[in-house]
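Asker: I have a structure I would like to understand better, so I am pasting it below and will then ask my questions one at a time.
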Amino acid sequence: GYLIPALNTVGEKFEKREIFVPEMMMAAKAMQACVDLARPFVKGEDTHLGTVVLGTVFGDLHDIGKNLVKLLLETSGFRVIDLGENVPSLRFVEAAKEYEAQIVGISSLLTTGDPFVEETIRAVRNSDLGDKVKIICGGAALTRNFIEETCGADAYAKDAAEGVRKIKRMLEK
């Protein structure tokens, strides 16, 4: 109830240029500390709802949002394969095949990552996975129009909670 709204506020202030990268990084470190403290007390569901391959796109070293999504997915009953940050597009494809994922989740914080988001979506779509996996993207610099219309992903999530809801909906869980 507090962490996600706080992260959203930081993202909004960053977009409005009310805060800048140093303040955002401080907020990210604080958020990571909170997530690390909360993790042992959050019990995940015993069911296995599906497998999600999750990573921050190539060229982007920011992973606080991705880490929050991972925590929420795991505690909702999903198996999460976390590829980390700065992930090349073909690694998403390889991991989705290797772990038989139903969802590929792509995170990007910076606008400089936009070409790599598009490249990653294209790599998944052009692989033999094609339309067998669903693709969802999120991050401060991304928009629904760019992700769904320009890049052709299945969904855009404005925050971690929305991402989990949309993944459940995509898998009809």
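The values are calculated or read from the model by the stated rules, or taken from the named source; none is laboratory data. All figures in this text were calculated on a predicted structure; none of them were measured in a lab. Neighbour counts are summed over all protein chains in view; Cβ atoms, including those assigned to glycine, are modelled from backbone coordinates with ideal geometry. The area values use the complete protein model at the heavy-atom level, side chains included, leaving out ligands, DNA and RNA. Shrake-Rupley method; radii C 1.70, N 1.55, O 1.52, S 1.80 Å.
Asker: Just to be sure, is Gly55 at pLDDT 80 or above and open to solvent by 30 Å² or more (accessible area, probe 1.4 Å)?
Answerer: Numbers: at pLDDT 80 or above: yes; open to solvent by 30 Å² or more (accessible area, probe 1.4 Å): no.
Answer is no for this residue.
Asker: Can you spot a residue in segment 160-171 that is closer than 21 Å to His48 by Cβ, open to solvent by 20 Å² or more (accessible area, probe 1.4 Å) and not in a helix (DSSP H, G or I)?
Answerer: Scanning segment 160-171, I find at least one residue that is closer than 21 Å to His48 by Cβ, open to solvent by 20 Å² or more (accessible area, probe 1.4 Å) and not in a helix (DSSP H, G or I), so the answer is yes.
Asker: Next up: If we keep just the residues of segment 1-44 that are farther than 15 Å from His62 by Cβ and touching a residue at least 40 places away in the same chain (Cβ under 8 Å), which is farthest from the chain's Cα centre (by Cα)? Even if it seems obvious, please write down each step before you answer.
Answerer: Step one: of segment 1-44, the residues farther than 15 Å from His62 by Cβ are 1-6, 8-9, 12-13, 16-18, 33-34, 36-44.
Still in the running and touching a residue at least 40 places away in the same chain (Cβ under 8 Å): 3-4, 8.
On the way: Leu3: 16, Ile4: 14, Asn8: 14 Å.
Ranking the qualifying residues of segment 1-44, first place goes to Leu3.
Asker: Any idea which residue in segment 145-156 is nearest to Gln102 (Cα to Cα), counting only those that are without any contact (Cβ under 8 Å) to a residue 24 or more places away in the chain and open to solvent by 10 Å² or more (accessible area, probe 1.4 Å)? Let's see the steps before the verdict.
Answerer: Taking segment 145-156 as the starting set, the residues that turn out to be without any contact (Cβ under 8 Å) to a residue 24 or more places away in the chain are 145, 148-149, 154-156.
Right, trim to open to solvent by 10 Å² or more (accessible area, probe 1.4 Å) and you get 145, 148-149, 154, 156.
Values: Asn145: 23, Glu148: 18, Glu149: 21, Asp154: 12, Tyr156: 16 Å.
Taking the candidates together, the pick is Asp154.
Asker: A further question follows. Going through Glu18, Glu94, Glu85, Glu74 one at a time, which residue ends up being part of a helix (DSSP H, G or I) and either touching a strand residue (DSSP E or B) at 6+ places or on another chain (Cβ under 8 Å) or more than 18 Å from Val124 (Cβ to Cβ) (or both)?
Answerer: Working: Glu18 fails: part of a helix (DSSP H, G or I); Glu94 fails: either touching a strand residue (DSSP E or B) at 6+ places or on another chain (Cβ under 8 Å) or more than 18 Å from Val124 (Cβ to Cβ) (or both); Glu85 fails: part of a helix (DSSP H, G or I).
Only one candidate passes the filter, namely Glu74.
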